[in-house]
Structures are given as C-alpha cells and as structure tokens.
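Heads up: the structure comes next, in structure tokens.
The values are calculated or read from the model by the stated rules, or taken from the named source; none is laboratory data. Keep in mind the model is a prediction, meaning the values are calculated, not measured. Note that each Cβ is placed from the backbone with ideal geometry, even for glycine, and that neighbours are counted across all protein chains shown. Accessible surface is based on the protein model in full, side chains and every heavy atom, while ligands, DNA and RNA are left aside. Shrake-Rupley method; radii C 1.70, N 1.55, O 1.52, S 1.80 Å.
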Amino acid sequence: MSDQLLSPDHPSVVFACRGVQVYVKDGDTEKQIVRGVDLTVRRGEKHALMGPNGSGKSTLAAALMGHPSYRVEGDIWLNGERVDALEPHMRARRGMFLSFQYPVAVPGVTVANFLRASLAARRGTEIPVRAFRQELNAAFATMSIDPSFITRYLNDGFSGGEKKKLEILQMLLLKPAFSLLDETDSGLDIDALKIVSDGINLASGPDNGLLLVTHYQRILNHVQPDVVHVFMNGHLVRTGGMELVTALEERGYDWLAEEAAIPEGSRA
Amino acid sequence: MAEDTTSVIASARPALDEGLLKALAATLGGDAAQVSRRLAALARYEKAAEPDRVRHLWRFTNPALLLPASVTGAPATDIVLTSAAPVAGASVTIDLWPGQAPAVQTAEDLPVGALVFTAADEPFAAGGAPAGDLFAALGDAAWNTGVGLQVAAGVKLAGPIHVRVHASAAAVLPRVRLDVGRGAEAMLVEHHTGGGPDVRVAGSTVINAADGARVRHAVVQVWEPGTCGHLAVRTRAGADADILTVCGVFGGDETKLELGTDLAGAGAHSEIVGVALVAGKQHADVHTSHRHLAGHTTSRIDYKAVAGQQARSTYTGLIRIEERATHCEAYQENRNLLLSSRARADAIPELEIHNQEVSCSHGATIAPVDPEQLFYLGSRGLDPHEAMGLVVRGFLENTLARLPDDARSMVESFTAPRLATIREGGA
Ligand SMILES: Nc1ncnc2c1ncn2[C@@H]1O[C@H](COP(=O)(O)OP(=O)(O)O)[C@@H](O)[C@H]1O
Ligand SMILES: [Mg+2]
C-alpha cells in the first residue's frame, strides 16, 4: 500500500499529486472531469488505475503530463520537485513519460529522427549517430519491432499493436523516472501483450515508478501492481491490492459506485 | 477575398515610350529586330486590359502592388558587379543584373556546340502568354536583363544551367528563354535573389521542350523583405517530352508566381512540385496551369505552403483538358499548413474538362498544426518550437521526396534556414 501520509517531496517518493482537478472547455462553460485526485508513488512501485470507460482516466493522465487544453488545479511533484507549472516538454525532460492510449501520427517525420530528437531532449545532449543506431537496434530487438520501422513515419499507418510497442520502446530508451501508461494493453493480441508487458517490466526498476491505466486484469498478471486504484466519476473511490482487481473482474464497477454513493447517472 | 476589386492599376502602370525601349535595347546590345519586338510589345502593353480581379488568377493579389513605379533605360550604375563564383557542378552559371548584359561563366568541360546563346526575347513559334496579358506585355517591351539558351538536339547537359537573377534595382525585368532540342536533357535553375524595400520584379521565363526532351526547371525565390514581384513561367512540352518544374517561394513581401505548362504533344508529361514557406506579413500567391492540348498526356501537381505568423498563402490551380486531348491523366494536390491563428490560406482548384476519356483528380486542404501532435512531441521532451519545426519538415517531406536527389538537396538548402527559424521560435 502506498502511504498517503508520506510527504510528496519525501526522497522515497518519485511521483505525487494532491487535489488534482481537471476541467475541459465545454462550449462557453467548463466541464469538470477530474474531481480531486491524490496519488503517492514511491520509487520501485507499480500502481494500477482501473475505471469504467469515460470515467476520465485519459484526461487525468494527459493533464498530469501537462496537456495545454485542460485547466488543472492541484499540485504535482516529480522527484520532490513541483512540476505543475511546467510545460509538457519540461516535465518530460525531468523524467515524466506518457504512453498514449491513441498515439498520434506525425506524417513525414521518421521514427529515427523523432527518437533521436527525443533522446537528445531527455539527455540534454546530442547522441552520436553510431551510438544511437546501436541503442536503437537493441531496443527494436527487445520490443520485437521490425528494424524497417526506423525509417517509417511516426505512427503513420501503424497497427494498434505496433503503436503500443513503439510507445514502450520509447519508455525503454527515455528511461523515465515516472511513467503514465494509458491503456497500453488495449488492442493487443496475446503475443504483443507479452512483449509489451516484458518491456514495461524491463523499464521498471527500484528507482522509478509507474501508473498503469487499464480496464483488464490481463496485463496485471504480467505487470504485477503493488497498488491498485479504482477511479470513477472523477475520484479515486478505492485503493487496494490485487484482490481489488479480482473483485472488479467478478462484480464489475457498480458495487463500488453504490458504496461511494455515486448517482447512477454519473457512474462513467 | 479580394480586398479591393476597384483597381488602381491605371495609375500604377509604369509609363513606357519608344525612346526608353530603344535605350534599353541599346544598353543590352540588342539588334534592330529586338527593337521592333519591343515596340510591338509596347502596342500590346498600351492596349492590355487591367488584370481581371474577379477571375481567380488575380482575385487574391492586387497587381498594382507588384508593378514597378517606373522603368529607366540607363544602365544601372549603383551596383557593384561582384565576380561571384560559378555554382559548383553547373554547366554554366549566368548572373543577370538589371541594366547589364548577362555575365556568363561556362564550365570547362562543356562540349562545344552543346549550348548556344540566343536572343532572350525571341518568341517561340507556338505557346506563350495570352495576347492581352499586362505583365507579359510589360516584360516583352521593357525587359532589362535576360538570357536565351538553346540546348542542341540529343545533348544531355551534365550539370544544370544556373541563372542567378539579382533584384538590384527599383525595377527588375528579367527574362529567360530556354529551348531544349529533340531528345535533349537539361536542368535550369533560376535563383531569384536580392531585392529590398521598394524593389519590384516582373520576370518572365519561357521554355520550349521539343519532342522527347527532358527538362527540369527549378524556380527559387529568396527575395529580401520589402521586395514585391511577379514571375511567370511558360513551358511548352512537345510529344513525349518530360518536364519537372520545381518551385520554392520563400522571400519578398507580396509575390506572385505563375507556372503554366502546355502539354502540346502526345505523350508529354509534366510534373510541378512546389513549396512555400512564409512568415511575418508575407503573401505568397502561386498559380499553376496545366493545359492538356494533346492526347495521352499526363500532369501532376503537388504544392505545399506553410504560413506562419500573419502570413498568407494563395493557391489557384487550373487543369484544362481540351476536347481532342483524350486519354489524359491530371492530378493536382495543394496542402496548406497554418502555424498561427492569424495565418491564412486560400486554395482554389479549377477544372475545365472538355472530354470524358480522362482521369482527373484534385484536392486541397488548409489546416492548422494539430495540437495533439505538438503535445505528443512535447511529452517526449521537444520544446514547442522544435516540435513545430519537426511537424513542418514532416509536412513537406513527402513532397520533397518526389524530387530527384540533386533537386531535393537544392530546395532543402533553401528550406533549411527557414525551418531553423521556426525551430528557434521565429515563425
Ligand atoms: N477536451 C474535451 N472536451 C470535452 N469533453 C472531454 C474532453 N476530453 C475528455 N472529455 C470527456 O471527458 C470524459 C472522460 O474521457 P476520458 O478521459 O477519455 O475517459 P477514459 O479514458 O476513462 O475512458 C468523457 O466523457 C469525455 O467525453
Ligand atoms: Mg482512456
């Protein structure tokens, strides 16, 4: 169990947030999607975030990464430093990473050029071409991605599985301190799920942490979470361990909604 | 739409007279035949109607802004003729300065007789500008720098013909004439450079590609801020001729480029590949026209414009297929990327198809940079300008990929500094 009483800037905490609320523009007004989320992820911990479709999981993940179209309230810490006022690229350079549920295509930009620019940004120095090639080849082999993808345009015409594998390949290369993995398991067949899970495990270590957003138990059998949160209607309604996953698998979300007294109309 | 359809061109049209045109001919060493061609053009100039601003060709650009205030016959005295180095690898490097005869530097290995100099303004037997075209008549009458070249039949020029046109006077009226003989191969690079406040350019290039000729033509415009101008390129492709026209629009304030290729002989193929990168308050107006006059001809256009800040891109493209020109294929694509909410683009394709046995398609898009792309790249550590630079490069990539290596690296030598400006936050 994560210790919520631990101070967010405690040296053993890699990522924390307090009172995070997220608002999106809805015509002339605002709509609140996330209604106050506290998280404390210690080094070496894997957290899972489960919740029904439309409950705001992707919104929360993108907001934590600094998506410019959301208004976000609350405090966010990475490695003991407040990052909530920083632009996404500054959070990334400090070691935050988001694996997208739907990675966007950037036509005309090759995977190689993109990865080289990202690595240079993360490491704060240009990577010599040869060293980069070697590192890239190794990562492609690890993720079982055909090396021909190096010259393809970023996510352009990639299958769902290929996109997700490339997301985790980036996680391996960028070596983030804290990763938000948004439904990295969705749309994967058994083989791809294994590769992606192995990649996530390989990228995880005693110094970093992750939050794995998912619907399904499947991936959690491969990437064993230390802490499981259930997210509904913009709140974390329950935090526990793997037993929570089993309960959700058997009973769905409704019993939790009833316990949390969420009105039936807003259980998404 | 057109800001003012009431033209002020009557007052803006520079005054020309016989004495001036004779002086220009004398300055450039023209013969009596040139004088009479200029005088014939003067008659057309005086009768030429103002460009019709209701028609698409001039709907977005006020021609009065592009015309020089006046043209003088005297040789330019205020320019320093630098003996600029010849372009590496070029068969011939030609510098055109207004009011001066062309400065020609020929590669030592150019075979004797492969390239012949001709009058810059001699009309070809067929093709050319419509008789009432004001800019064409102005150039024909008062051109003040130019070169004519003929590539002999069957010759394959090893390196490009590189023409640097220096906008070094208030009125620059260049003309380039290229005649590529049967089965010959040539590449012409037209590099429009120089300029400054109050400089106006009205240029004209005519190319005749004989049957089976293969011509590559690059027009790159990198005028200094303050320059306004109009460049017209008219190309005629004979039977089975293969034409590639590459354009790059980067400089100047208010500029218009017209690229027109007539597919006059059966089996001719023309491809136009263009990019424009503009920022500040620049306006790049590009018009293309492919006229299919003969059967079994094919044409393709891929033009991309990137407008940052308050800049503006205009594209109008005409595909015309004549009744007798059956079994033609024509394709046109124009994409515009807007880097700021104040940038603007207009795209108007026009199709005039007079027979059913053709395959024709066109498409135009105008879109801002996708914020989700910027967020994705940002989440990987790229700052917003770097991300923008990468997206813009990507946007141009599949168009540049259509070019042969030499043309591509030539165009990229001009796009690179502009992309660097975007990466540094300048657009
Ligand atoms: N930019 C936005 N504008 C309006 N509504 C949004 C926006 N982003 C997300 N939403 C809404 O927020 C809710 C949560 O969406 P999302 O975060 O994608 O949920 P999840 O990832 O849990 O399926 C949905 O009802 C969605 O329509
Ligand atoms: Mg989601």
Could you give the dipole magnitude of the protein assembly as shown about its Cα centre, charging the beta-carbon of Lys and Arg +1 and that of Asp and Glu -1, in debye to the nearest 20? 680 debye
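Determine the share of chain A's accessible area contributed by carbon and sulfur atoms, expressed in whole percent, with a 1.4 angstrom probe. Intermediate results must be reported in sequence, preceding the final value.
On the way: 5560 of 11240 Å².
Heavy-atom surface of chain A belonging to carbon and sulfur, 1.4 Å probe: 49 percent.
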Report ³J(HN,Hα) in whole Hz for each residue of the stretch B:101-113, in order, from the Karplus equation J = 6.51 cos²θ - 1.76 cosθ + 1.60 where θ = phi - 60°; Gly and Pro get x. 5, x, 9, 10, 10, 9, 5, 5, 8, 5, x, 4, x
Pull out a ≥ b ≥ c, the square roots of the eigenvalues of the alpha-carbon gyration tensor of chain B, then state rounded if a/c is under 1.5, prolate if not and a/b is larger than b/c, and oblate in the remaining case. rounded
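Would you mind working out the magnitude of the charge dipole of chain B relative to its Cα centre, with +1 at each Lys and Arg C-beta and -1 at each Asp and Glu C-beta, to the nearest 20 Debye? Mind dumping the intermediate values first?
Values: 36 positive and 48 negative charges, 50 e Å.
Dipole size: approximately 240 debye.
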Protein-only accessible surface order, largest first, of B:V273, B:V104 at 1.4 Å: B:V104, B:V273
Kindly identify residues of the stretch A:57-83 having a loss of at least 40 Å² in accessible area between the isolated chain and the assembly of all protein chains, probe radius 1.4 Å. A:H67
When a/c is below 1.5 the answer is rounded, else prolate if a/b is larger than b/c, else oblate, so apply that to the stretch B:127-168 with a ≥ b ≥ c taken from the square roots of the Cα gyration tensor eigenvalues. oblate
Residues of the protein assembly as shown: accessible area per residue at 1.4 Å, in Å²? 39 Å²
Counting only DSSP beta bridges with both residues in the protein assembly as shown, what percent are antiparallel, rounded to the nearest 5? 20 percent
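Which order do you get for A:E258, B:E50 if you rank them by accessible area with a 1.4 Å probe, largest at the top? Provide the component values of the computation, followed by the final result.
On the way: A:E258 120, B:E50 75 Å².
Greatest to least solvent exposure: A:E258, B:E50.
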Enter the accessible area of A:M242 (Å², nearest 10), with the probe set to 1.4 Å and all protein chains included. 50 Å²
Of B:L396, B:L16, B:L110, farthest towards positive along the dipole that unit charges on Lys, Arg, Asp, Glu beta carbons give the protein assembly as shown: B:L110
Residues with amide H under 5 Å of B:A232's amide H, sequence separation 5 or more or different chain, H placed in the peptide plane at 1.01 Å from N; which? B:G203, B:S204, B:T205, B:E258
How charged is the neighbourhood of B:V273? Take every other residue with its Cβ under 14 Å from the Cβ of B:V273, and add Lys/Arg as +1 and Asp/Glu as -1. -2
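Summing Lys, Arg as +1 and Asp, Glu as -1, what charge do residues with Cβ under 15 Å from the Cβ of A:P128 carry, A:P128 excluded? Intermediate values should be presented prior to the final figure.
On the way: positive: A:R116, A:R123, A:R130, A:R133; negative: A:E126, A:E135.
Overall, the nearby charge balance is +2.
Determine the shape class of the protein assembly as shown: with a ≥ b ≥ c the square roots of the Cα gyration tensor eigenvalues, call it rounded for a/c under 1.5, and otherwise prolate if a/b is greater than b/c, oblate otherwise.
prolate
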As a percent rounded to 5, the proportion of antiparallel DSSP bridges among beta bridges in chain B is 5 percent
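Considering only Cα-Cα distances, which of the following residue pairs are longer than 29 Å: A:K46/A:K163; A:K25/A:K57; A:K57/A:K163; B:K156/B:K256; B:K22/B:K156; B:K281/B:K304?
Working: A:K46/A:K163 22 Å; A:K25/A:K57 17 Å; A:K57/A:K163 19 Å; B:K156/B:K256 32 Å; B:K22/B:K156 37 Å; B:K281/B:K304 18 Å.
Beyond 29 Å: B:K156/B:K256; B:K22/B:K156.
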Anyone know which of B:T314, B:T106, B:T193 comes out most mobile in the 10 Å Cα GNM of chain B? B:T106
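Report in % the part of the accessible area of the stretch B:259-383 that belongs to carbon and sulfur, leaving out ligands and nucleic acids; probe 1.4 Å.
Ligands and nucleic acids excluded, carbon and sulfur reach 47 percent.
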Karplus ³J(HN,Hα) for the stretch B:352-363 (6.51 cos²θ - 1.76 cosθ + 1.60, θ = phi - 60°; Hz, whole; x = Gly/Pro) runs 10, 10, 10, 8, 8, 8, 9, 10, 9, 8, 8, x
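What does the charge count near B:G381 come to, summing +1 for each Lys or Arg and -1 for each Asp or Glu among other residues with Cβ under 10 Å from its Cβ?
Numbers: positive: A:R91, A:R93, A:R94, A:R122, A:R123, B:R380; negative: B:D383, B:E386.
Every neighbour counted, the sum reads +4.
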Arrange the residues A:Y70, B:Y376, A:Y102, A:Y216 by how much accessible surface each exposes, largest first, with a 1.4 angstrom probe. A:Y102, A:Y216, A:Y70, B:Y376
Interface area, A with B, accessible, probe 1.4 Å, both sides summed, Å² nearest 100: 2000 Å²
